[in-house]
Structure formats: structure tokens, C-alpha cells
Amino acid sequence: MKEKILISACLLGENCKYDGGNNLRSISSFKIARLAEIYDLIAVCPEVLGRLDIPREPAEILNGRVITKDSHLDVTENFNLGAEICAEIALKQSCKKAILKERSPSCGSGEIYDGSFTKSIIKGDGVTAKKLRRIGVKIFGESRMDALMGEYYV
């Protein structure tokens, strides 16, 4: 039986990104196929799980709150709900690792956008990354996923 691992659904090509697209181009199809040979991939989108629409306004974290770009809506509760559901999935599926979309206000790990919507980056974690880390899930961004393939990577 393969180890289960959470992965941002947008990285697998699911059109759940804020603009209705996906982030499949962030990872080569070879790497995804290789990961799927090693792990059972459990696709999640915390923002959709948090009851946000597709498409939706882009959002960033500012002063501890998740705020949308144009209407300045506070969607923190939606992000918290999505994070909580992802944590429940991780616990139920015994996921110890996750590959999450870098710099996202949900999934970013170590770096996120600063809330100015100018693509400026600061140190920090997205809402879901923070929640998963608190329950012991090790977070990998898509640029660091090679570490998950270890000796299996060719």
C-alpha cells in the first residue's frame, strides 16, 4: 500500500485557481506520473473546500486577514474553513506530507505575497500550510517536490 500525500489540485491540472485556470505548468507531467507511482495523491483545493467560487477575486494575506484584491472583502473565514477541512482529510487519510502551491494565501509555505497585490514576497505561510504544519504534516512547494521522490527519482 502506497503512502498517501496531499497535493494542491491546481498542480494536477484541476481548474480551481482563482482565475478559473490551473497550475499544471508548474510541474512536469513526468514528475506527476512519477509521484503517482510512489504515492497515492489526494487532491485538495482549500479555497474551493472553503466555499469560494471559481473564478473568484484574487486574495492575499494582509495583517493576518485574507483580503480580496478589488472589493477588499475579508474571506479569512472561508480560508480557515478550507484549511480545517484539509487538516481533517490529512488526518483521516494519514497523510504526513503535502505538496502545496507556492506563495498562495492558502498553500504557500515559507513565502507568501505581502497583501499589496504587487507580487511582492514576504516570509510567511498560507492558512492551510500553517494548519497542516500544526498537525505534523511536512509541507513541500512544487519547486521542492523532487525531495519526495528520493531514490525513486530518475
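Here the scattering of the chain is modelled by Debye summation over its C-alpha atoms, one equal scatterer each and no solvent; at q = 0.09, 0.12, 0.20 Å⁻¹ the log10 of I(q)/I(0) is -0.26, -0.46, -1.27.
A cut-off of 5 Å between modelled amide H atoms, ignoring neighbours fewer than 5 places along the same chain, links L62 with I67. Here is the short version for the chain: C10, C86, C95, C107 have no other Cys C-beta closer than 4.7 Å. Coordinate range of the alpha-carbon atoms in region 93-136 per principal axis, descending: 37, 15, 11 Å. With distances taken between every two different alpha-carbon atoms, region 63-154 has a Kirkwood hydrodynamic radius of 13.9 Å. With all protein chains kept in place, the per residue accessible area of region 1-106 amounts to 51 square angstrom at a probe of 1.4 angstrom. Compute the longest continuous run of the chain that contains no exposed trypsin sites (Lys or Arg not before Pro); treat a site as exposed when its DSSP state is not H, G, I, E or B and it has at most 10 other Cβ atoms within 10 Å. That gives 3-118 as the longest site-free run.
Looking at the chain, the DSSP beta bridges with both ends there are about 45 percent antiparallel. Accessible area of region 38-121 with a 1.4 Å probe: how many percent of it is carbon plus sulfur? Carbon and sulfur together cover 51 percent of it. Overall dimensions of region 49-112, expressed as equivalent-ellipsoid semi-axes from the Cα gyration tensor (√(5λ), whole Å, largest first), are 22, 14, 10.
The values are calculated or read from the model by the stated rules, or taken from the named source; none is laboratory data. Bear in mind that the values here come from a model prediction, so they are computed numbers and not experimental data. Cβ atoms come from the backbone with ideal geometry, glycine included; neighbour counts cover every protein chain shown. These accessible areas exclude ligands, DNA and RNA; they are computed on the full protein's heavy atoms, side chains included. Shrake-Rupley method; radii C 1.70, N 1.55, O 1.52, S 1.80 Å.
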